[in-house]
Amino acid sequence: MHSNGKIVNLCLFLFFTLVFISPLPAEPNPDADKLLIGDDVLFLSDDLLHDKESAIGPSGEETFLDNDDLDYLDFEAPPLVFEVPSFEIRSFNDVFPGLSQVQKAAVMSSRGMRNSFEKDGSPALIPGPDSGINLLDSVMSKKPSHIIEALIVVPYNRRELDFLDIYNALRRIKNIQDHTLSIRGNDIKIFVDTTRLESAQRRRPVPDPPHADTLPYSETMYLRFVDQYMGDLYLRGEVSMGLYGITYSLSNFRDVSYSIFRIMKAESFSAIIYLEPVKEGILVYSMSGIYIPGFIAHRVNLTPNMNNRITVLVNWITEGLREEEFYVQRSHFYRQ
């Protein structure tokens with residue numbers, strides 16, 4: 001958790017700096033031009049700023065102070081010391097305290113736990129009220145017709161992972177296209193191409209950036225997923241840092257069309273993925289919503305299709321986290 005601790009330390013440093021630096025007075029201070037040396041008071045003249053700084057002493061005589069003499073005026077303030085509160089990662093039960101033992105076992109499995117409901121239904125995977133996590137309101141603000149929630153804990157294997165590991169795992173957009181699903185005995189590739197775009201206006205493919213050594217406070221990226229069944233999906237990805245975890249939000253910034261028919265308006269799809277290092281591993285909690293008119297939804301069996309795409313994203317994240325475990329080891333090996 002060293003990266004998260006650095007963010008906390010920086011915030012505390014800025015806070016105490018603002019508190020302890022005295023503001024400049026709005027009105028002139030009549031004593032602002034006095035210097036106390038021993039028992040004498042020197043009244044500084046305007047010439048003090050020149051190479052030969054002058055002063056008028058109590059006797060009325062003008063004296064000159066060389067730059068070396070000004071060293072006598074130096075003083076050493078006591079260092080500002082404050083204690084940074086220790087940061088302790090949470091357990092899975094701290095974040096999701098209301099799950100049964102059966103549900104917890106499902107969450108810890110390789111597939112995780114899924115639940116789907118429609119606009120009049122209710123979620124089954126609800127974080128604790130003190131967790132600071134609320135994906136539901138953001139997804140429901142787009143008035144989706146179908147919602148899928150997923151929850152899985154990816155256990156640590158070789159080492160504990162932190163914010164920077166999660167962030168780097170989410171940057172490998174090109175790797176999403178490599179994942180297939182076994183459907184009725186056949187390996188199906190859902191996304192035949194996934195790439196970053198230069199911007200929302202200039203939709204030219206660009207490569208994924210190199211491995212990052214620092215964390216941004218937030219980041220926005222533009223992506224194109226070529227879905228084998230739905231065609232081009234133009235997505236806006238937004239990464240933001242929180243106190244305990246990282247939130248990764250996806251939404252379509254362009255309409256989705258099939259042949260000559262528009263099947264989904266812009267901003268009708270949202271997928272929010274929350275990732276947090278907990279004691280048991282990396283907690284991955286997502287909620288996805290989509291609005292499709294009823295006459296289309298009844299013809300495409302929407303829930304299983306959405307679930308397949310969420311599975312691809314969860315598998316991609318899991319693989320990326322495993323890559324991060326090996327990345328640090330490889331980096332250490334090459335530095336030897």
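FYI, it's all coordinate maths here, none of it is from the lab. Bear in mind the structure is a predicted one, so any value in this text is a computation, not a measurement. Virtual Cβ from ideal backbone geometry, glycine too; neighbours counted across all protein chains shown.
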Whole-Hz Karplus couplings 3J(HN,Hα) for segment 277-289, θ = phi - 60° and coefficients 6.51, -1.76, 1.60, Gly and Pro as x, run x, 10, 4, 8, x, 9, 7, 10, 10, 10, 9, 10, x
Exposure-ranked with fewest Cβ neighbours within 10 Å first, R171, R158, R309 stand as R158, R171, R309
With R₀ set to 35 angstrom, the calculated FRET efficiency between the beta-carbons of I89 and Q201, to the nearest 0.05, is 0.30
The long-range amide H neighbours of D255, using H built 1.01 Å from N in the peptide plane and a cut-off of under 5 Å, are A266
The simple spin-label model distance between S138 and D120, using points 7 Å out along Cα→Cβ, in nm, is 2.9 nm
Spelling it out for H146: with amide H atoms placed in the peptide plane at 1.01 Å from N, the residues 5 or more places away or on another chain with amide H under 5 Å from its amide H are I290, I292
For segment 98-156, averaging the sequence separation of alpha carbon pairs under 8 Å that lie six or more residues apart and dividing by its residue count, the contact order in percent is 49 percent
Here the gain from full extension of N186 to R262, 0.36 nm per residue of separation minus their alpha-carbon distance, amounts to 24.4 nm
Square roots of five times the C-alpha gyration tensor eigenvalues of segment 146-229, ordered largest first and given in whole Å, equal 24, 22, 13
Checked against a 21 Å limit on the C-alpha separation, the offending pairs among K104/K174; K143/K265; K119/K142 are K104/K174
Expected sort for T303, T220 with the fewest Cβ neighbours (10 Å cutoff) up front is T220, T303
Note on segment 92-335: contact order normalised by length, alpha-carbon pairs under 8 Å, 6 or more apart, percent, works out to 22 percent
With the label point 7 Å along the Cα-to-beta-carbon line of D232 and a cut-off under 19 Å to each amide N, the hits in segment 156-187 are 174, 177
Expected unfolding gain across H211-N175 under the 0.36 nm per residue rule, minus the alpha-carbon gap, is 11.6 nm
The answer for V278, listing residues at least 5 apart or on another chain whose modeled amide H is closer than 5 Å to its amide H, is L283
Ranked from fewest to most other Cβ atoms within 10 Å of their own Cβ, D137, D178 fall in the order D137, D178
